[in-house]
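Structure record follows, encoded as structure tokens.
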Amino acid sequence: MKKSIWVLMFALSGMSYSFADATTDAYSTGINESEAAMKTRWIQTFAGKDAKEISKKNFIAQFTAQYADLFKQHKNVTQSQFVAYEQAKLEQQIAVHREMSMKQADVRFGILSNKAAFLSLKQFQDTGIKTFNNFDKNGNGYVDQQDVEANAQIDTAHAGTAFRSVISMPMPTTVNEFIAEYGQGKQYVSLAEYLTLREKQFNQMDSDHNRQVTEQEYVAEFKQRYDANIEQSKAAQAQFAQQRFAAMAGQQQTINAKDVEKFAQQLFKHWDKQGSGVMKLY
């Protein structure tokens with residue numbers, strides 16, 4: 001019980017990507033993240049947050065243990081039962097994470113507003129400029145391919161050592177992620193465009209249109225975006241669960257514990273590129 005709670009809290013401790021799209025490989029984590037981060041997630045979820053490797057025996061045991069309760073309920077599991085089980089686990093994570101996120105929104109407002117009763121557009125944009133400058137490495141007013149190349153080593157290292165919760169709000173941590181989030185389909189983001197998007201967000205928060213955002217308005221806008229993100233994550237997770245079931249079942253209509261164990265063996269083989277019997281970060 002303690003271990004399952006720890007795994008949950010560890011999974012929630014980072015920032016997060018959304019679930020991967022319909023083309024997700026059967027051997028992925030289901031999260032839209034780099035291969036290095038994906039491998040980190042497999043190892044550290046099952047072997048501990050500081051682990052650098054996991055043995056085949058331990059990996060298979062931990063992977064199959066995730067579904068022990070499911071097979072106590074049903075010896076042979078249908079796709080709908082499998083998806084419902086995965087959704088129930090996600091709902092447990094949401095219950096914990098949502099409360100934490102709302103509290104963090106209150107804290108962020110205090111920081112942005114400098115503990116004042118309201119947040120001004122200037123304060124909001126000043127924070128945005130600092131964020132932009134962190135990604136605009138050459139200071140030319142654009143986050144573009146030059147910044148990707150200048151920061152390639154740092155971004156690669158970050159992708160290999162950090163991963164995120166499946167339900168957190170999208171938050172760019174690399175140059176490419178920043179461009180994908182704010183580039184509106186282009187391969188660059190200008191400071192002017194970024195601040196325009198920030199002002200639009202500020203106006204959405206400012207529900208009474210007085211150019212001042214209160215803590216209540218700030219949290220309400222965040223809650224709306226958070227809940228929309230949760231619904232997207234739940235839909236994507238259900239889709240991925242269907243894919244995972246299909247990978248386990250093959251041509252069968254149901255799966256049993258042996259099918260899960262067999263899939264875990266295939267999964268480990270996929271990630272143990274050297275065939276050493278030990279999945280390693282490097």
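The values are calculated or read from the model by the stated rules, or taken from the named source; none is laboratory data. Treat the numbers as computed from the prediction; the structure is a model and nothing was measured. Don't worry about glycine lacking a Cβ; one is built from the backbone with ideal geometry, like all the others, and counts go over all protein chains shown. The accessibility values were calculated without ligands, DNA or RNA, using every heavy atom of the protein model including side chains. Shrake-Rupley method; radii C 1.70, N 1.55, O 1.52, S 1.80 Å.
Counting residues in the range 130-142 that are modelled with pLDDT of 85 or more, of a type in the set (A, V, I, L, M, F, W, C), open to solvent by 90 Å² or more (accessible area, probe 1.4 Å) and part of a helix (DSSP H, G or I) gives zero.
When THR24 is tested against the conditions (1) among the hydroxyl-bearing types (Ser, Thr, Tyr); (2) in a helix (DSSP H, G or I); (3) at pLDDT below 90, the lone failure is (2). With respect to the conditions (1) under 20 Å from the mean Cα position of the chain (by Cα); (2) open to solvent by 50 Å² or more (accessible area, probe 1.4 Å), GLN79 lacks only one, and its number is (1). Here is the figure for the range 234-255: residues that are part of a helix (DSSP H, G or I) and either basic (Lys, Arg) or more than 21 Å from the chain's Cα centre (by Cα) (or both) total 7.
So which residues in the range 43-84 are of a type in the set (D, E, K, R) and either in contact (Cβ under 8 Å) with a residue 24 or more places away in the chain or part of a helix (DSSP H, G or I) (or both)? Within the range 43-84, LYS49, LYS52, GLU53, LYS56, LYS57, ASP69, LYS72, LYS75 meet the criteria. Just one of the listed residues (GLU221, GLU231, GLU217) is part of a helix (DSSP H, G or I), surrounded by fewer than 16 Cβ atoms within 10 Å (Cβ to Cβ) and charged (D, E, K, R), namely GLU231. Does ASP259 meet the test of being of a type in the set (D, E, K, R), surrounded by 15 or more Cβ atoms within 10 Å (Cβ to Cβ), over 30 Å from LYS115 (Cβ atoms) and in contact with a helix residue (DSSP H, G or I) (Cβ under 7 Å, 6 or more places away or on another chain)? Yes: the conditions hold for ASP259.
For every residue, the table says whether it meets (1) at pLDDT below 95; (2) open to solvent by less than 30 Å² (accessible area, probe 1.4 Å); (3) in a loop (DSSP other than H, G, I, E, B).
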{"residue": "THR127", "(1), (2), (3)": "no, no, no"}
{"residue": "GLN146", "(1), (2), (3)": "yes, no, no"}
{"residue": "ARG164", "(1), (2), (3)": "yes, yes, yes"}
{"residue": "ALA180", "(1), (2), (3)": "yes, no, no"}
{"residue": "GLU199", "(1), (2), (3)": "no, no, no"}
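Within the range 213-240, restricting attention to residues that are touching an Asp or Glu at 6+ places or on another chain (Cβ under 7 Å) and modelled with pLDDT of 95 or more, the residue that is nearest to ILE129 (Cα to Cα) is VAL213.
Could you go through the range 116-123 and let me know if any residue there is within 28 Å of LYS234 (Cα to Cα) and either at pLDDT 95 or above or surrounded by 12 or more Cβ atoms within 10 Å (Cβ to Cβ) (or both).
no
With respect to being open to solvent by 70 Å² or more (accessible area, probe 1.4 Å), over 24 Å from the mean Cα position of the chain (by Cα) and among the basic types (Lys, Arg), LYS49 falls outside the description.
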